[in-house]
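Notes for the one structure printed next.
The values are calculated or read from the model by the stated rules, or taken from the named source; none is laboratory data. Remember, predicted model here, so these are calculated numbers, not experimental data. Here the Cβ positions follow ideal geometry from the backbone for every residue, glycine too, while neighbour counts run over all protein chains shown.
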Amino acid sequence: MKPIDKYLRKPKSFWASVRSLSQKVGYSKGDKIIIPSVKQMADAFDNLGLDSSKIFTGGHATPLAQELHEYFSARADALMKIAEPNLMSAEQAKAEFDKHFALLQPKCPIPLNKQKGEKKAHAFLTALVNMMIEAHSQGMDCNFDPRELTTLTRDGEPLRTLARRVDGAFPTAVNPIAVWEIKEYYYTTTFGSRVADGVYETLLDGMELEELREHENIDVKHYLMVDAHYTWWKCGKAYLCRMFDMLHMGYVDEILFGREVVSEMPRIVGEWVELTNKRGQAGLPETVE
């Protein structure tokens, strides 16, 4: 899923309204993502002690209310038409993994999940990501499992070092073109804090990369890959909404839901290869300015 361009340059006050309204009105009901009406938004502002005339005044919805309603509609539409159909069960993910493992015969790391007993298996989404990168990176290096912090350097010294280890970096964890996080939870039966924390970890990475871009003019592409239909759609639609918000706040460049890893990674990796070649041609081995 790519962001909708017209929402990428909204002020942070717009996102404050999105979060406040989502909190008060709710994110979802049953199998539907909630699209608050203008009346619901005005009532929510009143209940939160805010000025509802920012939403409805003189018998008319304000421009802010119209923008918010359009955004909430776009959020619901994208999640129901793109995220939900692409999210897979463990059985579906295994079938995709088996198919591409046989087709690609990969040499890249194929990790196992952290489950025990009957649930012990390959980490299907991570394996698919790794295989897609290997198949389309034209032999370029990739750190599929960085065990170090991501660092951007200038003149041989660290310029920024991120707070967390990411799940992957291309081509390396030092001065990467791109980094990514993978959140696959096929065997969870409840939506716990560990799953929720995964979303906020990606948000932290995105905020650090935003600061790097704004103050040092260095752009590192940032991706989030998630899967497990039951976990995210049945239990965690509120967090899918938060992901969609995060995408449009500019904290991730794209979010890939389940099967999108197979359909979109070839294009994305091709973009990384092109950026890497441009960096080399410009004589910029250390930064991605």
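A single entry from P109, P176 fulfils the requirement of being closer than 26 Å to N277 by Cβ and surrounded by fewer than 17 Cβ atoms within 10 Å (Cβ to Cβ): P109. For the stretch 124-158, the tally of residues that are among the hydrophobic types (A, V, I, L, M, F, W, C) and either assigned to a helix (DSSP H, G or I) or closer than 24 Å to S89 by Cβ (or both) stands at 9. If the condition is being of a type in the set (S, T, N, Q) and assigned to a helix (DSSP H, G or I), then the stretch 11-60 contributes S13, S17, S20, S22, Q23, Q40, N47, S52, S53. I'm trying to understand the selection: among the residues of the stretch 258-279, which are among the hydroxyl-bearing types (S, T, Y) and out of contact with any Pro (no Cβ under 9 Å at 6 or more places or on another chain)? Once the filter is applied, which keeps residues that are among the hydroxyl-bearing types (S, T, Y) and out of contact with any Pro (no Cβ under 9 Å at 6 or more places or on another chain), the stretch 258-279 yields only S263.
Working only within the stretch 61-89, note down all residues that are assigned to a helix (DSSP H, G or I), small (G, A, S) and surrounded by 14 or more Cβ atoms within 10 Å (Cβ to Cβ). Residues satisfying the conditions are A65, A74, A76, A78, A83. Pairs meeting the criteria (first residue in the stretch 39-55 and in contact (Cβ under 8 Å) with a residue 40 or more places away in the chain and over 15 Å from S22 (Cα atoms), second residue surrounded by fewer than 17 Cβ atoms within 10 Å (Cβ to Cβ) and of a type in the set (A, V, I, L, M, F, W, C), beta carbons under 6 Å, at least 6 apart or on different chains) are lacking.
The single residue among V262, V252 that is assigned by TED's automatic domain parsing to the domain that holds K94, in contact with a helix residue (DSSP H, G or I) (Cβ under 8 Å, 6 or more places away or on another chain) and surrounded by fewer than 21 Cβ atoms within 10 Å (Cβ to Cβ) turns out to be V262. Just one residue in the set D141, D155 is under 26 Å from C108 (Cβ atoms) and out of contact with any Cys (no Cβ under 6 Å at 6 or more places or on another chain); that residue is D141. Inside the stretch 79-107, can you point out the residues that are of a type in the set (A, V, I, L, M, F, W, C) and under 17 Å from M265 (Cα atoms)? Across the stretch 79-107, the qualifying residues are I82, A83, L87, M88, A93, F97, F101, L103, L104. Of all residues in the stretch 180-197, those satisfying the criterion of being over 18 Å from K119 (Cβ atoms) and crowded, with 18+ Cβ neighbours inside 10 Å are W180, E181. Going residue by residue through the stretch 198-212, is there one that turns out to be in a helix (DSSP H, G or I) and more than 16 Å from the chain's Cα centre (by Cα)? Scanning the stretch 198-212, I find at least one residue that is in a helix (DSSP H, G or I) and more than 16 Å from the chain's Cα centre (by Cα), so the answer is yes. Here A102, A78 are screened, and the one residue that is within 21 Å of the chain's Cα centre (by Cα), of a type in the set (G, A, S) and either outside the structural domain of D227 (by TED's automatic domain parsing) or modelled with pLDDT of 95 or more (or both) is A78. Criterion applied to T153, T202 was being surrounded by fewer than 17 Cβ atoms within 10 Å (Cβ to Cβ), of a type in the set (S, T, Y) and assigned by TED's automatic domain parsing to the domain that holds R242, and the one residue passing it is T153.
Checked against the criteria, A163 does not count as out of contact with any strand residue (DSSP E or B) (no Cβ under 7 Å at 6 or more places or on another chain) and either among the β-branched types (V, I, T) or closer than 22 Å to E264 by Cβ (or both). Across the stretch 54-73, a minimum of one residue is classified as hydroxyl-bearing (S, T, Y), more than 26 Å from the chain's Cα centre (by Cα) and assigned by TED's automatic domain parsing to the domain that holds L21.
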